[in-house]
Amino acid sequence: MTADETGESDDRFRARLRAFLTEHHPGRRPKDPVERVAWQKKWLATLFDAGYAGPSWPREYGGMDLSFARQVSYQEEYARARVPGPLGTGLGIAAPTLIKYGTPEQKERHLRPMLRGDLVWAQGYSEPEAGSDLQALRTTARREGEEYVVNGQKVWNSSADIADIFFTLVRTGPPDSRQDGISYLLIDAHAPGVTVRPLRDLTGDAHFCEIFFDDVRVPVANRIGEENAGWPLVRTSLGHERAAGAMNQAALYRRVLDELIELAQERGATADPLVRDRLADFEIRVRVMRLTGMRTIADIMAKGEPGPASSTARLSIVTFEQELHEFAVDLLGPYGILDRRDPHAVQRGRWVWGFLRTRASSIGAGTAEIQRNTIAEQVLGLPRDPAMPTTAGRTP
């Protein structure tokens, strides 16, 4: 048992956090989308105001600045409590970039409202012809005095429909400038000329959107970092996205796997040695996932960046969650073809929904193929694949 600088033990910290999450649990998630956003914002404000938001954030921006061990404990208790996570994608991606590259004025203006949930942030990176090869993006930002005029299209944007701010990559250099002509802009999601359209996926929901910019005027003061120097910021953003996802997913899938084991027991499937073997394999992998997430957090605390090893965590999570849901659907037998709208669906169709949702996992946050190339080149030191763009030119 260890203690922090205040003398509080790890066990006491866990107990205090668990008590808070239990006492202030926001209750069942509303079905209405508008009510759901308000419900989630209220919860995030409750966390922030009580000092339980941002476990890895510096205290000066409203965070907890927890030690490595406390961050692990926090994520595990948070997942156990089944309380809502952050709104949008800003906390795990834009915030580390702002903390490292933003001006004092930008940090003061944006970080606390982001952490409290007052404003929702969404990513604007990928384009119809610039996904894994992100440096091929074509959305332009032409400077006119103290403003940029932005034109172009982004796609596969999570939470863009509820966002207040887009953290966006734009081309400020010549068309062929690749990574040397990219800048990082913060764009008001409600500005004139911004159009957001939902994209419906296999689950029947619209988890992603596409964004259109038509002569959108953005103050130069909303640029993070120098003009045409946005590419290093991308690497920081996506590296932290995978790092945060590794620990969060490890805590989440610890609970999901326990529920899958319960499902197998309820259906009498655990008598089958092949089923037990698959469940044992998932158990091993979810424990490895936790250890990998811990290693990534340790790297960030030691070096300030997660590094290319974060790709190993992302790739393992992708394959794990897809295979787990494939197994769950097989376990359901004929019920595995019923979605959540069918009254006979098992557990309201959650496993079938998960199966459909995770089909897209292998292209999120950098495709699985790109993750393998990153691991091969930057972790294992293998020769570069000549059929692929250089690592510097790919989504990191």
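In terms of its C-alpha gyration tensor, region 111-241 has a rounded overall shape, because the principal axis ratio a/c (a ≥ b ≥ c, square roots of the eigenvalues) stays below 1.5. Excluding residues fewer than 8 places away in the same chain, name every one of the aspartates and glutamates whose C-alpha is closer than 12 Å to that of residue 42. Once the sequence-local aspartates and glutamates are set aside, what remains near residue 42 is 118. Carbon-plus-sulfur fraction of the accessible area of the chain, 1.4 Å probe, in percent? Carbon with sulfur: 53 percent of the solvent-accessible area. Here the mean projected area of the convex hull built on the C-alpha positions of region 145-194 is 4.2 nm².
Protein heavy-atom accessible surface, 1.4 Å probe, per residue over the chain: 48 Å². Largest accessible area first, the residues 156, 353, 121 order themselves as 156, 353, 121 under a 1.4 Å probe with ligands, DNA and RNA left out. Coupling constants for region 345-356 follow from the phi torsions by the Karplus curve (6.51 cos²θ - 1.76 cosθ + 1.60, θ = phi - 60°), and in residue order they are 5, 6, 6, 6, x, 5, 6, 5, 4, x, 4, 5 Hz; glycine and proline get x.
With contacts taken as Cα pairs under 8 Å and at least 6 residues apart, the chain reaches a relative contact order of 13 percent. On C-alpha positions alone, give me the angle between the axis of helix 104-116 and the longest principal axis of the chain, in degrees, nearest 10. The angle comes out near 30 degrees. Roughly how tilted is helix 231-266, in degrees to the nearest 10 and between 0 and 90, from the longest Cα axis of the chain? Tilt of helix 231-266: around 20 degrees. Over region 44-201, the Kirkwood radius and the radius of gyration, each from Cα atoms, give a ratio Rg/Rh of 1.00. Rounded, prolate or oblate: pick one for region 1-132, where a ≥ b ≥ c are the square roots of the eigenvalues of its C-alpha gyration tensor, a/c under 1.5 means rounded, and failing that, prolate if a/b is larger than b/c, else oblate. It is oblate, given that a/c is not under 1.5 and a/b is not larger than b/c.
As a check on your grasp of the helix formula, calculate [θ] at 222 nm for the chain: sum -39500 (n - 2.57) over DSSP H runs of n ≥ 4, divide by the residue count, round to the nearest 500. The per-residue figure over the chain is -14500 deg cm²/dmol.
Between helix 310-332 and the chain there is an angle of about 40 degrees, using the helix long axis and the longest principal axis of the Cα atoms. For the chain, the calculated P(r) over all alpha carbon pairs, in 20 Å bins from 0 to the bin holding the longest distance, is 25, 59, 16, 0 percent.
The values are calculated or read from the model by the stated rules, or taken from the named source; none is laboratory data. Only a predicted model underlies this, so the values are computations on that prediction, with no experimental measurement involved. To get the accessible areas, we keep the full protein, side chains included, count just its heavy atoms, and leave off ligands, DNA and RNA. Shrake-Rupley method; radii C 1.70, N 1.55, O 1.52, S 1.80 Å.
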